[in-house]
Amino acid sequence: MVRNQFIVAVIALVLTAAVVVAVIIYNGTRTDTAQPLAADPTIAPTSAEVVRDDTRYLDQVEGDAVTVVEFLDFECESCAAMYPYVEQVREKYAGQINVAVRYFPIPSHRNSENAALAVEAAAEQGQLEAMYARMYETQAAWGEKQESEAAQFRTFADDLGLDLAAFDEAVADPATLERVVADRAEGTALGVTGTPTFFVDGRMIELTSVDDLDEAVQSAVARG
């Protein structure tokens with residue numbers, strides 16, 4: 001009986017991993033990610049940079065540390081599927097690596113841009129990680145909706161104790177939207193065509209397994 005239960009558990013684990021990988025591969029190759037946003041600026045590939053001085057970091061250490069950058073869409077199911085694995089990498093290499101995020105809202109996702117604006121507005125109050133986590137933890141409730149979920153995102157800000165007047169001002173500020181679409185344009189110039197897309201020390205990582213990110217980071221850390 002115990003052996004049968006163990007076999008069932010193993011099969012369930014394998015199937016879950018397979019579904020996650022399938023979702024990542026499917027969304028990572030969707031052609032709709034190549035459609036431009038209305039406000040997309042043009043950035044030449046030769047001038048594109050994986051990180052800039054104003055890039056947002058979840059983890060940042062001193063010195064010449066390995067840097068992981070994720071181009072993400074908070075409404076993307078693949079990004080949500082990878083979220084716990086990213087958290088595992090952050091925990092495993094805590095104090096050894098930088099982890100940065102850049103926005104890459106997919107045009108076919110009605111609220112991906114709204115979510116990015118909310119996260120950026122929270123970041124301006126020092127709550128990047130809290131809002132980043134809240135978006136993924138609640139994605140099933142607001143994702144794939146055709147109406148705006150901006151009001152829901154405002155309740156997240158309230159729950160996190162943010163200054164709502166400052167939050168509203170940041171969300172409405174054209175500079176916040178410019179920040180979001182500039183990240184996306186730079187990602188496009190770097191060859192990003194879907195989400196999530198990871199770079200480790202400037203090199204794009206092809207995800208074929210949930211372990212690929214960890215292995216790429218491990219190799220980079222070992223190289224020093």
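No lab work stands behind these numbers, since they all come straight from the coordinates. As the structure is a computational prediction, the values presented were derived from the model and not from experiment. When we count neighbours, we look across all protein chains shown, and the Cβ atoms used for this are built from the backbone with ideal geometry, even at glycine.
A DSSP coil position with no more than 15 other Cβ atoms inside 10 Å describes the following trypsin sites (Lys or Arg not before Pro) in the range 73-159: Lys145.
In order along the range 69-81, phi translates into HN-Hα couplings of 10, 10, 8, 9, 9, 5, 9, 6, 5, 5, 5, 5, 5 Hz, rounded to whole numbers, per the Karplus curve 6.51 cos²θ - 1.76 cosθ + 1.60 with θ = phi - 60° and x for Gly and Pro. If I stretch the segment between Ala165 and Ala222 completely, what's the gain in nm (0.36 nm per residue apart, minus their alpha carbon distance), one decimal? Between Ala165 and Ala222, full extension yields 15.9 nm more. If you plug the beta carbon distance of Glu49 and Arg90 into 1/(1 + (r/R0)^6) with R0 = 22 Å, you get a FRET efficiency near 0.45. Computed from the C-beta positions of Tyr57 and Lys145, the FRET efficiency with R₀ = 35 Å rounds to 0.75. Distance between the C-alpha centers of the range 107-147 and the range 46-66? Whole Å please. About 22 Å separates the Cα centre of the range 107-147 from the one of the range 46-66.
For the range 108-114, 3J(HN,Hα) computed residue by residue from phi via the Karplus equation (6.51, -1.76, 1.60; θ = phi - 60°) reads 6, 8, 4, 10, 5, 5, 4 Hz, glycine and proline entered as x.
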